[in-house]
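S.K.: Sharing a structure with you now.
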Amino acid sequence: MTALGFLYPGHAAEDDYPRIEQLLGSDIRVDVVHTDIGEDAHRVDALYELGEPERLARGVEGLRLAGAETVVWACTSGGFVRGWEGAHEQVRELARAAGTPASSTSFAFVHAAAEVGARRVAVAATYPEDVTGLFTDFLHAGKVEAVAARSAGIVTAAEVGTWGETEILALAREADVPEADAVLLPDTALHTVSHLPALEKHLGKPVLTANQVTVWEALRLTDRRVNAPALGALFTREPIVQA
């Protein structure tokens, strides 16, 4: 049994995680501990506070008791808002607190893009434009070029969590451009797991979504590779060997 641990802020789309656990169809357990969200706002100061090391450390004990072999901070904006170096320090603090390998959804996107060979991507973000810009900056620091970006301008995770396939597909289509190798939907408050096959079918390219890449990142940290076609190209492709 491989036990994966996740720190998820508040309550919005956390039901994606047990759904992923079912779709993995193997000896993998997904444990989620909820952290205090503070102010629910896609605003830089609120997002910075959301990912404070002390706040994350308070959630780690439950994952330790559950026997998690790795811990991932399941919040994209609560990582990239700190910038490349700040997000690295956040993950280092989390690893020290957990006593296990650790990462975050922000880094998961960079690693997942490399996995599917996507050097140029389109970003379909629920965030306001300034927050989306910080995400594209983060991707650039990770050598992933955002050739297009679309912002829905939603302020709260609670509202994002109400979106269904129609809204998600519309945003992804608006963001996509022919030169993008993949489309990224970066908000962990967005329910996307059930919609991955439809998204990839309509867009004709890999689609990377926040909760999907977060679980993939945890598996990567434990050296596990699982073939799960229902979770999209990320879980079916062979690793890309860069020239």
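S.K.: How would you rank 3-10, 24-31, highest first, on the average number of other Cβ atoms within 10 Å across their residues?
M.R.: Highest to lowest by the protection proxy: 3-10, 24-31.
S.K.: May I ask you to compute the full-extension gain from Thr166 to Arg58, defined as 0.36 nm times their residue separation minus their alpha-carbon distance, rounded to one decimal in nm?
M.R.: Residue separation times 0.36 nm, minus the Cα-Cα distance, leaves 35.2 nm.
S.K.: How high is the FRET efficiency between Asp45 and Met1 when r is their beta carbon distance and R₀ equals 30 Å, given to the nearest 0.05?
M.R.: Details: r = 40 Å, r/R0 = 1.34.
Using R0 = 30 Å, I get an efficiency of 0.15.
S.K.: I want to check the label-to-label distance for His140 and Arg92. Put each point 7 Å from Cα in the C-beta direction and report it in nm to one decimal.
M.R.: Computed distance between label sites His140 and Arg92 equals 2.4 nm.
S.K.: Separation between the Arg120 and Asn227 pseudo-spin-labels, each 7 Å from Cα along Cα→Cβ, expressed in nm?
M.R.: Simple spin-label model gives 3.2 nm for this pair.
S.K.: Could you tell me how far the Cα centroid of region 1-24 sits from the Cα centroid of region 49-98, in Å?
M.R.: Using only Cα atoms, the two centres lie 16 Å from each other.
S.K.: Something else about it: At q = 0.09, 0.10, 0.18 Å⁻¹, work out log10 I(q)/I(0) for region 66-225 with the Debye formula, treating every Cα as an identical point scatterer and leaving solvent out; two decimals please.
M.R.: Those come out to -0.26, -0.32, -1.07, one per q.
S.K.: Neighbour counts of other C-beta atoms within 10 Å: give me Thr35, Thr126 arranged from fewest to most. Kindly include the intermediate steps, with their values, before the conclusion.
M.R.: Values: Thr35 22, Thr126 29.
Ranked by crowding around the Cβ, least crowded first: Thr35, Thr126.
S.K.: Using only the Cα atoms of region 189-239, build the gyration tensor, take square roots of its eigenvalues as a ≥ b ≥ c, and label the shape rounded, prolate or oblate: rounded if a/c is under 1.5, else prolate if a/b is larger than b/c, else oblate.
M.R.: oblate
S.K.: Across region 117-208, how large is the tail of the calculated P(r) beyond 23 Å, expressed as a percent of all Cα pairs?
M.R.: 16
S.K.: Continuing with this model, one more query. Can you divide the C-alpha Rg of region 1-122 by 2.2 N^0.38 Å and report the result to two decimal places?
M.R.: 1.04
S.K.: Order by neighbour count: Tyr127, Tyr48, fewest other Cβ atoms within 10 Å first, most last.
M.R.: Tyr48, Tyr127
S.K.: Follow-up. With point charges of +1 on the Cβ of Lys and Arg and -1 on the Cβ of Asp and Glu, referenced to the Cα centre of region 25-138, which listed residue (Tyr127, Val71, Leu50) lies farthest in the positive direction of the dipole?
M.R.: The residue sitting farthest along the positive end of the dipole is Val71.
S.K.: Determine, for Trp73, Trp84, Trp216, the number of other Cβ atoms within 10 Å of each Cβ, and report the residues in order from fewest to most. Don't skip to the answer; put the middle values down first.
M.R.: Working: Trp73 29, Trp84 16, Trp216 25.
Fewest-to-most ranking of Trp73, Trp84, Trp216: Trp84, Trp216, Trp73.
S.K.: Residues with beta-carbon under 15 Å from that of Arg92, excluding Arg92: net charge, scoring Lys, Arg +1 and Asp, Glu -1?
M.R.: -3
S.K.: Now, a different point. May I ask for the net charge around Ile28, where only other residues with Cβ less than 9 Å from the Cβ of Ile28 are counted and Lys, Arg are +1 while Asp, Glu are -1?
M.R.: Local charge sum for Ile28: 0.
Read-outs throughout are calculated quantities, based only on the coordinates presented, and are distinct from any laboratory measurement. It should be emphasised that the depicted structure is a prediction, and the values quoted were computed from it without experimental measurement. Cβ: placed from backbone, ideal geometry, glycine included. Neighbour counts: every protein chain shown.
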